[in-house]
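Visitor: Dropping a structure here in structure tokens format, bear with me for questions.
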Amino acid sequence: MFAHIDCNNFYVSCERVFNPSLNGKPVIVLSNNDGCAISRSNEAKALGIPMGAPAFKYKEIIEENNVHVFSANFPLYGDMSNRVMSILATFCPMQEIYSIDECFLDLSGFDVDLKEYGLQMKERVYKWTGLPISIGIAPTKSLCKVATRVAKKFPKETNSVHVIDSEELRIKALKWLEIGEVWGIGRQYTKKLLAKNIKNAYQFTCMGDDWVKKHMSIVGLRLKHDLQGIPSIMIEEVKDKKNIATTRTFDYNTENYEDVKERIVTFTTKCAEKLRKQGSCCNSIQVFIATNFYRKDLPQYSNSICIKLPFATNSTFELAEYAVVGLEQIFKKGYAYKRAGVFVMDFTPENNQQLNLFQNRNAKHIPIMKAMDKLNRKYGCDLLRLGAQAPGKTWRMKQEKLSPHYTTNINEVLTIKV
Amino acid sequence: MKKVFQTKRFEFYTAGIETKLELAYYGDIRAGFPSPAEDFNDERIDLNKILIQNPLSTFYVKVIGNSMEGDFSDGDLLIIDKSLEWKENRIALCFVEGEFTLKRIRIKNGKHYLVPSNSEFPIIEINEYNNATIWGVVAYSIKNHK
């Protein structure tokens, strides 16, 4: 079983922690560069202000309803995120941080009442940080996401924690979920499926494998299996996000600064790659490091820092430089580090960068990045690396259970002897 | 110490724990008779460790102005730990009538009351109607005595 934890309207909730009088009132948080809504309270959603809405277009609604408007405070959100993630990590050593406000916990082998365990997480996060979270628990990650949606939609009935642990509950939830709301099914596929009269997630899981594979690629097929309760999907496959995270638990503890730095640079490289893939640049980068909470015998330390970049970028070189500056600020000697991660956030579309005469962005990086992505895609993940990244496999993620990328990497397709 | 938020009377900071300040520890101070053990004492104190028991739930809050009732004055630094239990007589940062304020917690017959140090102000009961809430408990406060 996995748990998916999602902070409710995260940026708005962070603002409310420090200004409780905003509770129950419509609040939106705007991106710094283009003034679009990137977080909305339930009250603001009810007024019909959509995600990504440019504030100037909704000026009347905002003024008439006295909507409280904030511009994004990423250092604050980053710090609060670090607290939430660290608290959740104390509940389960296998944590996968998916974005600034979402993570998965692998609860395999946990002999506990899962609902009760979820409630404990929710209560501790709320007590320690003031932030409300919703939790979905299910046999696969995409079913967890479905369960979280149920928990969010029915906070009173579920107490914000929903567990899908039977076939009956799985089908009930999938029938309830509209097809356009399914994690990983974009607008294009929604149109296609609606045209075939597929209106909810359950109907989608009843489609034939061949049709799904033909029209929605192998990723669509994996998603279908995942929703059927067979773990099939890797979360990296679901893209186009408002913020991107790369975080890992190390194979072993390390006190060595160079080791941690190498990890941070590698994570930054991954984030930059994902940014370029979805055509975004970021304006802020956050770095975090933490010791192993489960080694009570060792001194404990965790910290994070959010750096506002002087210009929007998706260059690996530039991002790595700032990530290392951040790491230098928070790295403390004498601690054995076990987890680290990099977040990029506050996005601007790549083709929409503000012209700035004095910006440092190095245009020369663009063709280099393009070549780097192309080669790495062609010959496997890490052919081209920055000097600060370690060669070899010493630090590869623990992926023993992962089958080869049979269908997506030309070097790993099935081979047969004849 | 990073400032993350400001209200009229308080500034909120995240607790910076990157550095440590180690001071030699000379035992408890008792007027008159120095303990003979002090000659051998080489234990060191990291103030961060003492003042911040739970970094995940700790926030620094700075007091602005002198309008604060009683115990606190301009520039005092409060170390607030949200994970601490609400116990009788603890001082808490509270949110009452749209403002942050410092009150003492009193518990009577299972009911929680917020007591101001200035007796001219009313005692407030925490209930679902008046929106009075306890934000966090003051673990330590740092006062400038210079």
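Visitor: Looking at (1) modelled with pLDDT under 85; (2) farther than 23 Å from residue A:127 by Cα, find the lone condition where residue B:142 falls short.
Guide: Among (1) modelled with pLDDT under 85; (2) farther than 23 Å from residue A:127 by Cα, the lone unmet condition for residue B:142 is (1).
Visitor: Report yes if residue B:58 is in contact (Cβ under 8 Å) with a residue 40 or more places away in the chain, hydroxyl-bearing (Ser, Thr, Tyr) and within 14 Å of chain A (Cβ to nearest Cβ), otherwise no.
Guide: In short, yes.
Visitor: I need the full set of residues from segment A:91-140 which are within 23 Å of residue A:227 (Cβ to Cβ) and either without any contact (Cβ under 8 Å) to a residue 12 or more places away in the chain or aromatic (Phe, Trp, Tyr) (or both), in order please.
Guide: Within segment A:91-140, A:98, A:104, A:110 qualify.
Visitor: Need the failing condition index for residue A:123 against (1) more than 30 Å from residue B:60 (Cβ to Cβ); (2) of a type in the set (Asp, Glu); (3) within 14 Å of chain B (Cβ to nearest Cβ), just the number.
Guide: With (1) more than 30 Å from residue B:60 (Cβ to Cβ); (2) of a type in the set (Asp, Glu); (3) within 14 Å of chain B (Cβ to nearest Cβ) applied to residue A:123, the lone miss is (1).
Visitor: State whether one or more residues within segment B:62-82 are under 28 Å from residue A:302 (Cβ atoms), touching a strand residue (DSSP E or B) at 6+ places or on another chain (Cβ under 6 Å), part of a loop (DSSP other than H, G, I, E, B) and within 14 Å of chain A (Cβ to nearest Cβ).
Guide: Within segment B:62-82, one or more residues are under 28 Å from residue A:302 (Cβ atoms), touching a strand residue (DSSP E or B) at 6+ places or on another chain (Cβ under 6 Å), part of a loop (DSSP other than H, G, I, E, B) and within 14 Å of chain A (Cβ to nearest Cβ).
Visitor: Something else about it: Does any residue in segment A:11-33 that is within 14 Å of another protein chain (Cβ to nearest Cβ) and farther than 16 Å from residue B:136 by Cα come within less than 6 Å, Cβ to Cβ, of a residue that is among the basic types (Lys, Arg) and not in a loop (DSSP other than H, G, I, E, B) six or more places away or on a different chain, and which pairs are these?
Guide: A:22/A:16; A:23/A:16
Visitor: Go through segment B:92-122 and report how many residues are farther than 25 Å from residue B:11 by Cα, in a loop (DSSP other than H, G, I, E, B) and either in contact (Cβ under 8 Å) with a residue 12 or more places away in the chain or among the small types (Gly, Ala, Ser) (or both).
Guide: The number of residues fulfilling the criteria is 2.
Visitor: If you don't mind, another one. Criterion first (surrounded by 17 or more Cβ atoms within 10 Å (Cβ to Cβ), part of a helix (DSSP H, G or I) and free of Cβ contacts under 8 Å to residues at least 24 places away in the same chain) does residue A:219 satisfy it?
Guide: Judged against the criteria, residue A:219 is not a match.
Visitor: Quick one: is residue A:325 among the aliphatic types (A, V, I, L, M) and either part of a helix (DSSP H, G or I) or farther than 24 Å from residue A:369 by Cα (or both)?
Guide: The answer is yes for residue A:325.
Visitor: Would it be correct to say that residue A:170 is touching a Pro at 6+ places or on another chain (Cβ under 9 Å) and either free of Cβ contacts under 8 Å to residues at least 24 places away in the same chain or of a type in the set (Lys, Arg) (or both)?
Guide: yes
Visitor: Given (1) away from chain B (no Cβ under 14 Å); (2) at pLDDT below 90, where does residue A:2 come up short, assuming only one miss?
Guide: Among (1) away from chain B (no Cβ under 14 Å); (2) at pLDDT below 90, the lone unmet condition for residue A:2 is (2).
Visitor: Exactly one condition in (1) at pLDDT 90 or above; (2) farther than 21 Å from residue A:102 by Cα is not met by residue A:173; state its number.
Guide: So the condition that residue A:173 fails would be (2).
Visitor: What about residue A:117, is it of a type in the set (Phe, Trp, Tyr) and closer than 27 Å to residue A:274 by Cα?
Guide: The answer is no for residue A:117.
Visitor: Going by the structure shown, is residue A:337 under 14 Å from residue A:86 (Cα atoms), touching a Pro at 6+ places or on another chain (Cβ under 6 Å) and either in contact (Cβ under 8 Å) with a residue 40 or more places away in the chain or aliphatic (A, V, I, L, M) (or both)?
Guide: no
Visitor: Is it the case that some residue within segment A:50-57 is surrounded by 20 or more Cβ atoms within 10 Å (Cβ to Cβ) and farther than 30 Å from residue A:139 by Cβ?
Guide: The answer is yes; a qualifying residue exists.
Visitor: Identify all residues within segment A:147-161 that are among the hydrophobic types (A, V, I, L, M, F, W, C) and assigned to a helix (DSSP H, G or I); write none if there are none.
Guide: Passing the criteria: A:147, A:150, A:151.
Visitor: Any residue in segment B:76-91 that's closer than 26 Å to residue B:146 by Cα: show its pairings with residues that are charged (D, E, K, R) and surrounded by fewer than 18 Cβ atoms within 10 Å (Cβ to Cβ) at Cβ separation under 6 Å, as long as the two are six or more apart or on different chains.
Guide: Correct list of pairs: B:76/B:143.
Visitor: From the set of residues in segment B:113-141 that are in contact with an Asp or Glu (Cβ under 7 Å, 6 or more places away or on another chain) and surrounded by 13 or more Cβ atoms within 10 Å (Cβ to Cβ), which is nearest to the other protein chains (Cβ to nearest Cβ)?
Guide: Out of the qualifying residues, it is B:136.
Visitor: Another one. Quick check on segment B:91-112. Is at least one of its residues at pLDDT 90 or above, β-branched (Val, Ile, Thr), surrounded by fewer than 19 Cβ atoms within 10 Å (Cβ to Cβ) and more than 22 Å from residue B:144 (Cα to Cα)?
Guide: So far as segment B:91-112 goes, yes, one or more of its residues are at pLDDT 90 or above, β-branched (Val, Ile, Thr), surrounded by fewer than 19 Cβ atoms within 10 Å (Cβ to Cβ) and more than 22 Å from residue B:144 (Cα to Cα).
Visitor: Please specify each residue of segment A:249-268 satisfying the condition of being over 18 Å from the mean Cα position of the chain (by Cα) and assigned to a strand (DSSP E or B).
Guide: Matches in segment A:249-268: A:250, A:251, A:252, A:253, A:254.
Visitor: Would you pick out the residues in segment B:99-112 that are within 14 Å of chain A (Cβ to nearest Cβ) and touching a strand residue (DSSP E or B) at 6+ places or on another chain (Cβ under 6 Å)?
Guide: Selection gives B:100, B:101.
Visitor: Under the condition of being in contact with a helix residue (DSSP H, G or I) (Cβ under 9 Å, 6 or more places away or on another chain) and among the polar types (S, T, N, Q), which residue from segment A:59-96 is nearest to the other protein chains (Cβ to nearest Cβ)?
Guide: Ranking the qualifying residues of segment A:59-96, first place goes to A:86.
The values are calculated or read from the model by the stated rules, or taken from the named source; none is laboratory data. Just so you know, these numbers come straight off a predicted model, no measurement behind them. FYI the Cβ positions are ideal-geometry reconstructions off the backbone, even for glycines, and counts take in every protein chain you see.
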